Amino acid sequence: MNVGNLFKIKSNIPSYVKIIAVSKNKPISKIKEIYDAGQRDFGENYINELVEKHKSLPKDIRWHMIGKLQSNKIKYIGNFVYLVHSIEKIKHLKILNKEAIKHNRVIQCLLQIKIAEEKKKSGITYLEAIQILKSDIYLNMKNVKIIGLMGIATFSQNKNKISDEFKYLYQIFNIFKEKNNEFNIISMGMSNDYNIAIKCGSNMIRIGNAIFGFRN
Ligand SMILES: *Cc1c(COP(=O)(O)O)cnc(C)c1O
């Protein structure tokens with residue numbers, strides 16, 4: 001059933017859109033089913049869980065960290081994380097850079113922009129993103145690379161509202177992309193709104209419930 005969901009989604013979206021299977025709170029056995037069907041990109045919200053799952057599952061999985069970052073835990077994912085979607089502070093980049101140097105790798109990151117109206121949703125503003133990208137601190141880091149943006153839309157039935165938020169993110173993305181050849185990922189769209197996100201320019205969607213089902 002999980003695998004059927006994945007293939008159904010895949011067959012209804014353009015091939016340039018990458019699907020991240022969000023496996024938070026899902027057991028290893030379910031993740032393995034999706035893996036066996038060919039899925040290699042998985043996303044997790046909590047570092048402890050991400051580390052445990054990385055240990056237990058095949059090593060060719062590309063692990064995406066999509067949840068809020070706690071500075072004191074970032075060090076645990078430095079040796080393997082593929083893409084960190086949720087950068088909100090230069091401090092996060094500093095820690096990742098240090099870890100990446102230790103492990104002799106470059107860690108790819110996205111800046112999370114706040115596009116939703118809900119206060120508790122994470123992310124930084126466009127201006128804060130500019131400040132990070134232009135800062136000497138960032139420009140001197142050799143082992144982290146910001147390659148795009150991530151955003152979460154307001155949880156709403158109002159499609160126009162969701163669409164406006166995604167369009168805003170796409171607009172910012174294009175401004176950065178014009179000045180920066182490395183910018184190529186815009187991570188937006190979840191189970192409830194990925195079709196809207198794709199219409200608004202998304203090339204990476206993060207899908208949990210629509211793949212794994214709404215119950216454990
Ligand atoms: C949980 C989560 C998702 C997946 O949400 P679904 O509604 O299950 O598709 C995507 N992105 C982030 C940041 C999440 O926390």
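A short reminder: the numbers here are calculations on the coordinates, not readings from a lab. Treat the numbers as computed from the prediction; the structure is a model and nothing was measured. Please note: Cβ atoms are built from the backbone with ideal geometry, for glycine as well, and neighbour counts cover all protein chains shown.
Per-structure values
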| quantity | calculated |
| --- | --- |
| Check: the stretch 79-216 dipole with +1 on Lys, Arg Cβ and -1 on Asp, Glu Cβ, in debye | 300 |
| Exposure rule at most 16 other beta-carbon atoms within 10 Å, DSSP loop trypsin sites (Lys or Arg not before Pro): the chain longest free segment | 143-214 |
| Dipole of the chain, positive direction: furthest Cα of Leu110, Pro58, Leu133, with charges on the beta-carbon | Pro58 |
| Residues whose placed amide H lies under 5 Å from that of Ser135, excluding near-sequence neighbours | none |
| For the chain: rounded, prolate or oblate by the Cα gyration tensor [a/c cutoff 1.5] | oblate |
| Per-pair calculated FRET efficiency, R0 = 30 Å: Lys68 and Asn160 via Cβ, rounded to 0.05 | 0.60 |
| Loop sites in the stretch 155-216: chymotrypsin sites (Phe, Trp or Tyr not before Pro), DSSP, at most 10 other Cβ within 10 Å | Phe214 |
| Along the chain, longest interval not containing exposed GluC sites (Glu not before Pro), exposed being DSSP loop plus at most 14 other Cβ atoms within 10 Å | 1-116 |
| Backbone HN-Hα couplings from phi across the stretch 198-206 [Karplus 6.51/-1.76/1.60, Hz, Gly and Pro as x] | 5, 4, 8, x, 4, 10, 8, 10, 10 |
